[in-house]
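To start, the structure itself, in structure tokens.
The values are calculated or read from the model by the stated rules, or taken from the named source; none is laboratory data. In this text the structure is predicted, and so the values were computed from the model without any measurement. Quick reminder, even Gly has a Cβ in these numbers, built from the backbone with ideal geometry, and neighbours come from all protein chains shown. What goes into the accessible areas is simple: the full protein's heavy atoms, side chains included, and nothing from ligands, DNA or RNA. Shrake-Rupley method; radii C 1.70, N 1.55, O 1.52, S 1.80 Å.
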Amino acid sequence: MLTPEQLAAAHKANIDTLFGLARQALEGVEKLVELNLEATRAALRDAADHAQALLSAQDVQELLQRQAALIQPLAEKALAYSRQLVEIAARTSGAFAQAAEDQAREAQHKLQAVVDNLARNAPAGTEPAVQVLRNVVHAATAAMESVQQAVKLAADLAEKNFQAAADQAEQAASAAAAAASAPAARSLTPRRSA
């Protein structure tokens with residue numbers, strides 16, 4: 001049975017956890033807002049610069065060349081934004097996952113204490129029932145640990161897959177920029193007539 005002091009301590013711990021999670025969530029939102037503001041500022045700056053560059057082109061070939069030159073930096077910035085976004089989400093979700101693990105561990109300890117207390121105070125002849133209860137608690141604990149491990153592995157795999165996809169997108173953007181630059185550069189070279 002929980003004493004009033006234990007109950008008060010449990011409530012205080014839960015409130016501390018709640019406010020800690022709220023603080024983590026708010027920090028994640030702040031970082032996301034900062035990232036979006038910076039991305040918006042950069043996009044506006046770049047759009048103005050690119051518009052000026054395109055408007056100052058002397059002919060169609062120069063316009064195409066300048067436009068092709070914009071592809072690579074734009075793709076790199078989009079990838080950098082995506083990486084930062086994933087990093088913020090991973091950091092915030094990591095804090096929540098850690099809090100959930102801590103809470104689960106604490107609940108497990110409390111449940112084990114209740115079972116131990118029950119075993120000490122159980123009437124004679126109930127040892128088999130108490131042992132069954134201990135086995136159930138042990139099995140539940142093992143299952144929870146397995147689920148936590150699976151979630152961690154899935155999160156790690158998702159992060160690695162995102163990184164691989166981002167790397168492939170970066171390579172594709174580089175190749176596309178190179179391919180787009182090549183026709184523009186070829187059209188600028190004078191052709192020889194035979």
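Condition test on Glu34, is it within 30 Å of Gln103 (Cα to Cα), open to solvent by 60 Å² or more (accessible area, probe 1.4 Å), part of a helix (DSSP H, G or I) and not aliphatic (A, V, I, L, M)? No; evaluated as a whole, the condition is false for this residue. Take Ala57 and tell me if it is open to solvent by less than 80 Å² (accessible area, probe 1.4 Å) and part of a helix (DSSP H, G or I). Considered against the rule, which asks whether it is open to solvent by less than 80 Å² (accessible area, probe 1.4 Å) and part of a helix (DSSP H, G or I), Ala57 comes out as no. Any residue in segment 108-118 that is over 30 Å from Leu133 (Cα atoms), loosely packed, with under 15 Cβ neighbours inside 10 Å and of a type in the set (Val, Ile, Thr)? No: segment 108-118 contains no residue that is over 30 Å from Leu133 (Cα atoms), loosely packed, with under 15 Cβ neighbours inside 10 Å and of a type in the set (Val, Ile, Thr). Right, Leu153: open to solvent by less than 70 Å² (accessible area, probe 1.4 Å) and either in a helix (DSSP H, G or I) or in contact (Cβ under 8 Å) with a residue 12 or more places away in the chain (or both) or not? No, not satisfied.
Would you confirm, using the coordinates I've provided, whether Ala48 is over 30 Å from Ala99 (Cα atoms) and in contact with a Ser or Thr (Cβ under 7 Å, 6 or more places away or on another chain)? It is false that Ala48 is over 30 Å from Ala99 (Cα atoms) and in contact with a Ser or Thr (Cβ under 7 Å, 6 or more places away or on another chain).
Going by the structure shown, is Ala122 open to solvent by less than 50 Å² (accessible area, probe 1.4 Å) and more than 30 Å from His138 (Cα to Cα)? Spelling it out, it is not the case that Ala122 is open to solvent by less than 50 Å² (accessible area, probe 1.4 Å) and more than 30 Å from His138 (Cα to Cα). For segment 1-31, the set of residues classified as outside any helix (DSSP H, G or I) and either of a type in the set (Ser, Thr, Tyr) or under 19 Å from the mean Cα position of the chain (by Cα) (or both) consists of Thr3 only. Filtering segment 60-82 to residues that are open to solvent by less than 80 Å² (accessible area, probe 1.4 Å) and over 23 Å from Gln171 (Cα atoms) leaves Gln61, Glu62, Leu63.
For Arg41, state whether it is farther than 23 Å from Phe162 by Cβ and loosely packed, with under 11 Cβ neighbours inside 10 Å. Taking the combined requirement at face value, the residue satisfies it. Which of the residues that make up segment 68-93 are without any contact (Cβ under 8 Å) to a residue 40 or more places away in the chain and under 13 Å from the mean Cα position of the chain (by Cα)? Answer for segment 68-93, where residues must be without any contact (Cβ under 8 Å) to a residue 40 or more places away in the chain and under 13 Å from the mean Cα position of the chain (by Cα): just Glu87. Could you tell me whether segment 85-98 includes any residue that is assigned to a helix (DSSP H, G or I), surrounded by 12 or more Cβ atoms within 10 Å (Cβ to Cβ) and in contact with a Ser or Thr (Cβ under 8 Å, 6 or more places away or on another chain)? No: segment 85-98 contains no residue that is assigned to a helix (DSSP H, G or I), surrounded by 12 or more Cβ atoms within 10 Å (Cβ to Cβ) and in contact with a Ser or Thr (Cβ under 8 Å, 6 or more places away or on another chain).
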